[in-house]
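Enquirer: First the structure, which I've put down as structure tokens, then a few questions once you've had a look.
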Amino acid sequence: MFDLDKWQEIFSTMRKNKLRTVLTAFSVAWGIFILIVLLGSGNGLKNAVMSNFEGDAKNLVMIYPQWTSMEYSGYGKNRRIEFDSRDTKMLGKQDGLATMVPVLQLWSSSVSHGANYGSFETRGAYPDIVVSENLKIEKGRFISDTDIRLKRKVVTIGANVVKTVFPDTDPIGEYVKINNSMFRVVGVYKDANWDNRYIYMPYTTAQTLQGGRDRVSFFQLTTVPKSMLSRARLLKVIYARS
């Protein structure tokens, strides 16, 4: 119910305390402004992070080697840990993984076709990286298991590589020079984010270029949903008992 006396008292108090009223109003307005700025900044940061990963699988886990921070079993600290095929076999036996892809990173490579050239990162990988990276094949195909087994010198290149090295040419079937080796382009992929700058070749081929060294730069894993993992574990127990 509207009470005229109360409103008259409020306005009378405000007239008698003009400075306090102005400062209070300013404080409230400033607080609301700061709240809006913080909420906007938080949402902006969230959107930036989400857009950076929107091209990857939602259940993606990446494992990178690092340096040790303490001594252990006679080894000193700050020791570089490197992955190899033993880690690949160990991870391959773990439950709950939909895909497990070892990746061999060749870092910046000089890539050229005719008079066109650029510097791009080359990766040795397996076909399952299409799932973990959520790659969309635009032309041709991705590297296959047969490419892995035969150590073929073939590559699937990103859309950004095509713009630089094949601006006016269909790259499928063409040869591209990576450092001092020739590779046949078998496919073009497109990703939702900056991963379009990568070149993928068979993992075994990348190993050969590295002198056959047994090394893994990092692992890309995709996990199985919890419900599917529970059923898989139940079936494992049933088969073990039968």
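Throughout, read-outs are computed from the coordinates displayed, never taken from laboratory work. From a predicted model like this one, the values you see are computed outputs, not experimental measurements. Every residue, glycine among them, receives a Cβ derived from its backbone with ideal geometry; neighbour counts consider all protein chains shown.
Enquirer: Once fully extended, how much extra length lies between Y117 and M182, figured as 0.36 nm per residue of separation less the alpha-carbon to alpha-carbon distance?
Expert: 22.1 nm
Enquirer: Treating only the Cβ atoms of Lys and Arg (+1) and Asp and Glu (-1) as charged, compute the dipole magnitude of the stretch 4-52 about its Cα centre; round to the nearest 20 debye.
Expert: 160
Enquirer: Would you mind checking the pairs K163/K190; K46/K136; K153/K177; K93/K153; K139/K163; K89/K136 and listing those with alpha carbons more than 22 angstrom apart?
Expert: Over 22 Å apart, Cα to Cα: K46/K136; K93/K153; K89/K136.
Enquirer: Continuing with the same structure: What does the charge add up to near I199, with Lys and Arg as +1, Asp and Glu as -1, over the other residues with Cβ less than 9 Å from its Cβ?
Expert: Working: positive: R123, R197; negative: E121.
Summing Lys and Arg as +1 and Asp and Glu as -1 gives +1.
Enquirer: Quick one: length gained pulling N59 to K16 fully straight, 0.36 nm per residue minus the C-alpha distance?
Expert: Going from the current span to full extension adds 9.2 nm.
Enquirer: A further question follows. Count the net charge of all other residues whose Cβ sits under 11 Å from the Cβ of M100, scoring Lys and Arg as +1 and Asp and Glu as -1.
Expert: 0
Enquirer: Say the dipole of the chain comes from +1 at the beta carbon of Lys and Arg and -1 at that of Asp and Glu; which of M62, N17, A125 then lies farthest toward its positive end?
Expert: In the chain, that residue is M62.
Enquirer: Follow-up. Near R215, within a Cβ-to-Cβ distance under 11 Å, what is the net charge of the other residues, with Lys and Arg +1 and Asp and Glu -1? Display every interim value, and only then the final one.
Expert: Working: positive: R213; negative: E82, D84, D87, D214.
Residues close to R215 contribute a combined charge of -3.
Enquirer: Next question, about the same structure. Report the calculated FRET efficiency for K163 and Y72 (r = Cβ-Cβ distance, R0 = 35 Å), to the nearest 0.05.
Expert: Numbers: r = 48 Å, r/R0 = 1.37.
In this case the efficiency is close to 0.15.
Enquirer: In whole Hz and in residue order, list the ³J(HN,Hα) couplings for the stretch 35-41 that follow from phi through the Karplus curve 6.51 cos²θ - 1.76 cosθ + 1.60, θ = phi - 60°; x for Gly and Pro.
Expert: Once θ is set to phi - 60°, the couplings for the stretch 35-41 become 4, 5, 4, 5, 5, x, 5 Hz.
Enquirer: In debye, nearest 20, what is the charge dipole magnitude of the chain about its Cα centre with +1 on Lys and Arg Cβ and -1 on Asp and Glu Cβ, if you could check?
Expert: Charge dipole of the chain: 520 debye, to the nearest 20.
Enquirer: In the stretch 60-226, what % of DSSP beta bridges are antiparallel (nearest 5)?
Expert: 75
Enquirer: Taking 0.36 nm per residue of separation and subtracting the Cα-Cα distance, what length does fully extending W7 through V224 add? Kindly include the intermediate steps, with their values, before the conclusion.
Expert: Details: separation 217, 0.36 × 217 = 78.12 nm, distance 6.38 nm.
Gain on stretching W7 to V224: 71.7 nm.
Enquirer: Compute the FRET efficiency between R79 and S108 as 1/(1 + (r/R0)^6), taking r as their Cβ-Cβ distance and R0 = 25 Å, and round to the nearest 0.05.
Expert: 0.40
Enquirer: Sorted by mean Cβ packing within 10 Å, highest first, what order do the peptides 123-129, 72-78 take?
Expert: By packing density, highest mean first, the sequence is 123-129, 72-78.
Enquirer: Sticking with this one: Calculate the dipole size of the stretch 1-130 relative to its Cα centre from +1 charges on Lys and Arg beta carbons and -1 charges on Asp and Glu beta carbons; express the result in debye to the nearest 20.
Expert: 540
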